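Q: So that we are looking at the same thing, I have put the structure below in structure tokens.
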Amino acid sequence: MSSSSALPLAFDETRRRGGILTSLLSSDLPRSRALSVILFSIFALLAATPFLFSGSQPVGTAAKICVFIVLVASYDLLLGYSGIVSFAHTMFFGIGGYGIAIALERVSPTWGSVAIGSAAALGLSAVLAIAIGLLSLRVRAIFFSMITLAVATAAAVLASQLSEITGGEDGLSFQLPPALRPAFRVFSEPVFGTMINGRLLAYYLVFAVSLVVFLALLRIVNSPFGRVLQAIRENEFRAEALGYRVVAYRTAASVISALAATIAGALMALWLRYNGPDTTLSFSIMIDILLMVVIGGMGTMYGAVIGAALFVLAQSYLQVLMGAGSAALAGIPLLPNLIHPDRWLLWLGALFIISVYAFPGGIVGRLRQGKP
Amino acid sequence: MSDMAAPSTAPAELPRAKTDWLPLLLVPALGLLALPFVGSPSTWVTLTVAGLAMGMMIFLMASGLTLVFGLMDIINFGHGVFISLGAYATLLVLGPLAGWALEDSIGLNLALLGLCILVAMGVTALAGAVFERVIVRPVYGSHLKQILVTMGGLIVTEQLIHAIWGASPIPIPLPQSLRGAFVFGDIVMERYRVVAVVIGLAVFIGMQLLLNRTRIGLLIRAGVENPEMVEALGYRIRRLFVSVFIAGSALAGLGGVMWAFYRQTLTAGMGMEVMVLVFIVIIIGGLGSVGGCFVGSILVALVANYVGFIEPKLALISNILVMALVLIWRPQGLFPVARR
């Protein structure tokens with residue numbers, strides 16, 4: 001963790017003359033021209049996807065990117081800023097999803113249920129995060145990883161076993177509040193060739209909430225609280241000696257991160273109109289999150305944006321490329337198997353290992369090194 | 001346990017290390033506690049033997065990991081992949097010698113099992129050597145990077161298993177004479193579980209003898225206590241560590257073979273599935289302690305079996321509860337060893 005994202009050089013300077021953008025980004029600017037361009041294009045594309053592309057797949061991909069940006073950014077708060085490896089992040093993601101799903105399916109498809117479901121999910125996540133944190137963070141950081149892994153597995157098993165509440169392996173499909181249903185029309189005429197319907201509103205709900213939560217997380221890591229977390233990450237002993245209660249700070253970080261993950265889970269369920277073990281709880285999603293954080297760049301919130309966008313796009317489109325490559329190499333032993341479309345995780349895994357060794361700052365760290 | 005008991009004057013000879021009996025008593029206490037809830041004694045014996053067998057298999061898979069951690073402060077999240085690899089390595093033997101499994105001869109069947117174990121241990125030892133060199137060695141000293149990088153190693157190796165053996169689950173036959181069960185009155189003991197208990201006990205006793213009666217064992221134990229001092233005395237702790245890492249991987253391979261025949265299906269994710277239990281066990285036992293790992297394995301497996309019988313839905317949560325209780329009682333595990 002040597003390449004820390006320490007204080008930006010001109011922290012006070014940017015804050016004094018910073019405009020509205022600076023304060024929105026909490027004075028934590030991209031600090032690299034290439035990075036700014038990439039981030040802005042991702043933002044612009046996500047904001048305009050429903051008007052730029054037709055069909056449901058691009059919008060679905062964009063919504064997934066939005067949700068995963070929040071999920072990965074909240075995980076980065078733990079991994080990158082606090083130096084804690086948790087494997088229970090999908091558990092909180094799942095709690096958010098199930099909160100919405102259960103409330104909308106079992107109670108009624110209204111905004112009231114959305115509020116109740118989210119509130120209950122947030123409460124449960126907070127309690128669980130505090131319990132896990134107090135039990136394991138006080139012992140040794142390494143226990144935390146193993147204990148969270150065990151707890152997350154237990155949660156996944158529990159969710160699939162309590163089928164009368166959670167729908168078991170099949171999950172829950174549910175109706176959204178009327179304003180978010182595809183049949184709902186805001187205007188009778190299309191705007192810029194796109195019908196403004198409930199589906200579009202649902203997308204912009206996901207987009208707006210993701211943006212707000214992301215900016216809030218950016219604010220948190222750049223607050224004095226965030227600096228203490230980084231201090232603990234760099235040297236726990238010294239931070240303790242300075243009078244910061246390490247356990248309290250770490251627990252607080254894991255609670256904040258759990259809450260953000262819960263919101264992401266709720267958004268995911270709202271978008272898919274479905275929640276089940278495979279969409280939010282499975283261990284493979286946890287691995288995806290790890291890959292996104294590390295490849296994008298640990299300890300830089302922007303890494304979450306780039307990691308999530310890259311990964312979700314790769315998930316959708318890299319396989320096509322690899323399928324072509326695999327077909328071209330047919331006949332050679334083993335080699336076609338290695339670039340078989342289902343083996344895309346192999347290459348991302350290799351990239352992940354190389355990232356940890358060679359670019360601890362991930363893509364963002366690399367881009368920032370290039371230019372001041 | 002208590003410092004008060006230490007004599008204040010220098011003794012003529014070194015005081016014998018006191019054995020910490022309390023955690024050892026947990027296992028029989030747990031068994032007795034479960035008896036009234038289970039009801040019939042014969043069911044209780046069946047459950048206990050089954051639990052012991054499960055515990056032995058978990059112990060085989062966990063022992064290497066805990067030793068590696070104790071010795072070099074390395075936590076290997078990719079350990080599970082050696083379990084899968086060991087399991088898949090049985091295919092190398094079962095492919096050409098499939099006939100041996102169908103033969104109803106105990107000698108031939110056990111020879112097949114032995115051969116599977118040997119080949120699997122060879123394969124995983126080799127894989128362990130490569131894994132240590134390529135994945136683990138560059139990240140000594142940083143737990144965070146170790147967790148990340150070994151997770152990466154896990155992903156890549158699992159995918160390689162998919163690429164080599166295909167992604168769909170592979171059924172494997174349990175050798176003919178190991179199927180079925182011994183029946184004594186009401187008591188039913190599956191044969192294969194008895195074999196697992198025998199092998200597990202043999203490995204545990206072998207490890208205890210190696211650790212407590214040989215020079216290498218002495219060095220390993222010293223290395224767990226204080227690696228710098230061992231190094232300062234002129235021993236190459238690195239070489240020692242690499243061999244322990246390889247041995248630990250081979251043990252995981254052995255556990256993988258036992259686990260594979262128990263499940264009778266192979267999937268690349270099977271190692272990672274059981275890793276959850278392995279982690280719980282080494283946390284309960286105290287990171288770095290082989291004895292603790294043994295007690296922890298049996299404890300976890302017995303609790304899972306009893307609870308699974310009494311209230312099936314609680315089975316997986318029960319492990320977490322056991323872990324939480326143990327950590328509240330002894331935050332460093334049953335037998336705290338590593339003091340880093």
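Q: Cut-off is 10 Å between beta-carbons; in what order do A:THR49, B:THR265 appear when sorted fewest neighbours first? Mind dumping the intermediate values first?
A: On the way: A:THR49 19, B:THR265 11.
Least to most surrounded, the residues fall as B:THR265, A:THR49.
Q: Here is a further query. Which Rg and Dmax, in Å, describe the Cα atoms of region A:27-370?
A: When restricted to Cα atoms, region A:27-370 yields Rg and Dmax of 20.6, 65 Å.
Q: Over region A:27-370, what is the mean sequence separation of C-alpha contacts under 8 Å (at least six apart), divided by residue count, expressed as relative contact order in percent?
A: Relative contact order, region A:27-370: 29 percent.
Q: Once you have the Kirkwood Rh of region A:15-155 from its Cα pairs, apply Stokes-Einstein at 4 °C and 1.567 mPa s and quote D in µm²/s.
A: On the way: Rh = 18.2 Å.
Once the numbers are plugged in, D ends up at 71 µm²/s.
Q: Whole Å is fine, so just give me how far the alpha carbon centre of region A:170-203 lies from that of region A:264-281.
A: A separation of 18 Å, based on Cα centres.
Q: Order these peptides, A:154-161, A:186-193, B:286-293, by their mean beta-carbon neighbour count within 10 angstrom, highest first. Each step should come with its number before you reach the end.
A: Numbers: A:154-161: 19.8, A:186-193: 9.1, B:286-293: 26.2.
Top to bottom by mean Cβ count within 10 Å: B:286-293, A:154-161, A:186-193.
Q: If you don't mind, another one. Give me the inter-chain shielding for A:77-86: mean count of other chain Cβ atoms within 10 Å, whole number please. Don't skip to the end; give the middle numbers.
A: On the way: counts 0, 0, 3, 1, 0, 0, 3, 1, 9, 0.
The shielding value for this peptide is 2.
Q: Taking a ≥ b ≥ c as the square roots of the eigenvalues of the Cα gyration tensor of region A:242-372, is the shape rounded (a/c under 1.5), prolate (a/b larger than b/c) or oblate? Display every interim value, and only then the final one.
A: On the way: a/c = 2.43, a/b = 1.47, b/c = 1.65.
Judged from the Cα gyration tensor, region A:242-372 comes out oblate (a/c at least 1.5, b/c at or above a/b).
Q: By the gyration tensor of its Cα atoms, with a ≥ b ≥ c the square roots of the eigenvalues, what is the shape of region A:165-314: rounded for a/c under 1.5, prolate for a/b over b/c, or oblate?
A: Working: a/c = 2.38, a/b = 1.92, b/c = 1.24.
Verdict is prolate for region A:165-314.
Q: Separate question: Using only C-alpha atoms and all pairs of different ones, pull out the Kirkwood radius for the protein assembly as shown in Å with one decimal. Write down the numbers at each step before the final one.
A: Values: mean 1/r = 0.0365 Å⁻¹.
One over the average 1/r among Cα pairs gives 27.4 Å for the protein assembly as shown.
Q: Only four residue types carry charge here, +1 at the Cβ of Lys and Arg and -1 at the Cβ of Asp and Glu. Report the dipole size of the protein assembly as shown about the Cα centre in Debye, rounded to the nearest 20. All intermediate terms of the calculation are to be shown ahead of the outcome.
A: Numbers: 42 positive and 30 negative charges, 326 e Å.
Once rounded to the nearest 20, the dipole reads 1560 debye.
Q: In whole Å, what is the distance between the alpha-carbon centres of region B:149-208 and region A:105-150?
A: 35 Å
Q: Let me ask another. Please compute, for the alpha-carbon atoms of region B:29-127, the extent along each of the three principal axes and give them in descending order in Å.
A: 48, 47, 16
Q: Still on this structure: Between rounded, prolate and oblate, where does region A:299-372 land on the alpha carbon gyration tensor, with a ≥ b ≥ c its root eigenvalues, rounded for a/c under 1.5, else prolate if a/b exceeds b/c? Each step should come with its number before you reach the end.
A: Working: a/c = 3.04, a/b = 2.19, b/c = 1.39.
It is prolate, given that a/c is not under 1.5 and a/b is the larger ratio.
Q: Based on the Kirkwood radius over alpha-carbon pairs, what is the Stokes-Einstein translational diffusion coefficient of region A:74-207 at 10 °C with 1.306 mPa s viscosity, in µm²/s?
A: Values: Rh = 17.1 Å.
Translational diffusion coefficient: 93 µm²/s.
Q: Exposed loop sites here are chymotrypsin sites (Phe, Trp or Tyr not before Pro) in DSSP loop states with at most 15 other C-beta atoms within 10 Å. What is the longest stretch of chain B lacking them? Write out the running numbers ahead of the final one.
A: Details: sites that count: B:TRP21, B:TYR140, B:TYR235.
Result, exposed sites excluded: B:22-139.
Q: Per residue, how big is the convex hull of chain B when only Cα atoms are used? Give it in Å³.
A: Details: hull volume 54.0 nm³, N = 340.
Looking at chain B, the number lands at 159 Å³ per residue.
Rule-based calculations on the coordinates, nothing more; no lab input. As the structure is a computational prediction, the values presented were derived from the model and not from experiment. When we count neighbours, we look across all protein chains shown, and the Cβ atoms used for this are built from the backbone with ideal geometry, even at glycine.
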